[in-house]
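Trainee: Okay, handing you the structure first.
Here, each number is a calculation from the coordinates, and none is a lab measurement. Note that this is a predicted model, so its numbers are computed, not measured. For neighbour counting, all protein chains shown are included, and Cβ atoms are generated from backbone atoms with ideal geometry for every residue, glycine included.
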Amino acid sequence: MFSNLTIEYADPCNLSDSIKFTFQLLNNPVVPLWCQRLIAAQQKYSIDDPRRFYGFGTLEQQQQFAVDTINHHIEVINNFKSVIEKKLNSVHDQETLNYLHWCFETHHGHLDKQDQSLFLSAPKEVKLSLCELNVAVHRCESVANGAKPRHVTTYYSLPKEYKLAKDHYQYFTSLYQFGTVYINYVEIGKTLENLAIDNDQFITAQAFKPFEFYSADFTVLFYNSTQSEVDALKEKMDLFYDNNQQFFIERKFSRQDARLAPGRIPVAKLESKYSESEVLNLVEAHQYIKSVTLH
């Protein structure tokens, strides 16, 4: 049906200054399913935040922006109802970030359990800050973990109602390749990978959500991971599982359960005449998603 994906990147201060990159769609059974969701999203919704880029600018700039952003959303939420007891001073304060993610889950509510959440009674600007609190937490974690360059494109309002099939999990990978498009995690919660990386002690039955649903959301990674990084991640996940074994066994998740696989599923690969460094420079100058097109 489609063979390529084109993303148009623009200068956020001058949208007429733009550049297009073409990505060849890959040959795996998740690709056409993801394309269907992307088409469904574009028929009704716009991109939530066209400026959701990570890993560009100096590390100091990224750290300050991440901390300022999360504290802004905490202030907006608390001005409506004082429910968050901490502010963030550093992106390296993982304990506070875990607490803030727990606050998001509690007061925003999970995808199918928002009936008792603060989210329902909140005015529009507070609803937005509740949603953005989750994004802000993950931005801080991204910066703390090395601020690797990428961007994320989401359509939050598109219903998350389609699940991956059992045989889809064989396509998961955490050996990432530069310029590759991957489907995004769309649950409200954390996978085993997230819990292990964060060493999250706020783990609850509601907070743990394996990667089961897919949607139109995607991320483009502008870096390569190494086999040593993949091995270190697996070791960390194994340790977290072992330390919390009873929790996972009670929920019928053995360590070999495919739904606990790390990484993401790739759906497209960049085709470009530019070198990796040239692509990075071009994207850094055009940190706004102007259009996303299947063809």
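Trainee: For the chain, what does the relative contact order come out to in percent, with C-alpha contacts under 8 Å and a separation of six or more?
Mentor: The normalised contact order for the chain reaches 32 percent.
Trainee: Is segment 60-108 best put as rounded, prolate or oblate by its Cα gyration tensor, with a ≥ b ≥ c the root eigenvalues, rounded for a/c under 1.5, and otherwise prolate when a/b is larger than b/c, oblate when not?
Mentor: oblate
Trainee: What is the gain in length, in nm to one decimal, between LYS269 and ALA232 on full extension, counting 0.36 nm per residue of separation less the C-alpha to C-alpha distance?
Mentor: That works out to 10.8 nm of additional length.
Trainee: Pairs of Cα atoms under 8 Å, at least six residues apart: use those to get the relative contact order of segment 1-134, whole percent.
Mentor: With pairs under 8 Å counted, the relative contact order is 15 percent.
Trainee: Also, I was wondering about something else. For ALA268, which sequence-distant residues (separation of 5 or more, or a different chain) have an amide H within less than 5 Å of its own amide H, given hydrogens modelled in the peptide plane?
Mentor: Under 5 Å from the amide H of ALA268 lie the amide H atoms of LEU26, VAL181, each far enough along the sequence or on another chain.
Trainee: Give the calculated FRET efficiency between LYS87 and ASP49 to the nearest 0.05, with a Förster radius of 30 Å applied to their Cβ-Cβ distance.
Mentor: Efficiency computed from Cβ-Cβ geometry: 0.85.
Trainee: Among residues other than LYS44 whose Cβ falls under 15 Å from its Cβ, what is the net charge (Lys/Arg +1, Asp/Glu -1)?
Mentor: My count for the surroundings of LYS44 gives -1.
Trainee: Using θ = phi - 60° and the Karplus curve 6.51 cos²θ - 1.76 cosθ + 1.60, what whole-Hz ³J(HN,Hα) does each residue of segment 260-274 get, with Gly and Pro shown as x?
Mentor: With the stated coefficients, segment 260-274 comes to 9, 4, x, x, 9, 9, x, 10, 7, 10, 4, 10, 8, 7, 8 Hz.
Trainee: Expressed in nm to one decimal, what extension gain is obtained for the pair GLU212 and ASP167 from 0.36 nm per residue of sequence separation less their Cα-Cα distance?
Mentor: Numbers: separation 45, 0.36 × 45 = 16.20 nm, distance 1.20 nm.
Gain on stretching GLU212 to ASP167: 15.0 nm.
Trainee: Remind me, relative contact order of segment 65-148 in percent, using alpha carbon pairs under 8 angstrom and six or more residues apart?
Mentor: Answer for segment 65-148 is 38 percent.
Trainee: Please list, ordered by chain and number, the residues whose modelled amide H lies under 5 Å from the amide H of LYS190; skip anything fewer than 5 residues away on the same chain.
Mentor: PHE208, LYS209
Trainee: Can you work out ³J(HN,Hα) from phi for every residue in segment 7-22, in order, using Karplus 6.51 cos²θ - 1.76 cosθ + 1.60 and θ = phi - 60°, giving whole Hz and x for Gly and Pro?
Mentor: 10, 9, 9, 10, 5, x, 8, 7, 5, 6, 8, 9, 9, 10, 10, 9
Trainee: Identify the residues of segment 63-88 with backbone N under 11 Å of a label point that sits 7 angstrom from the Cα of SER121 along the Cα-to-Cβ direction, or state none.
Mentor: The answer is 81-82.
Trainee: Which of the pairs LYS44/LYS209; LYS44/LYS87; LYS87/LYS124; LYS81/LYS148 have their Cα atoms more than 29 Å apart in this structure?
Mentor: LYS44/LYS87; LYS81/LYS148
Trainee: State the antiparallel share, in %, of DSSP beta bridges confined to the chain, rounding to the nearest 5.
Mentor: 95 percent
Trainee: Please give me the summed charge of the neighbours of ASP93: other residues whose Cβ is under 13 Å from its Cβ, Lys and Arg +1, Asp and Glu -1.
Mentor: That works out to -1.
Trainee: Determine the distance separating the Cα centre of segment 150-180 from the Cα centre of segment 216-239; give it in Å without decimals.
Mentor: Cα centroid to Cα centroid, the span is 13 Å.
Trainee: Give me the number: length gained by fully extending ASN79 to PHE2, i.e. 0.36 nm times residue separation minus the C-alpha to C-alpha distance, one decimal in nm.
Mentor: 23.0 nm
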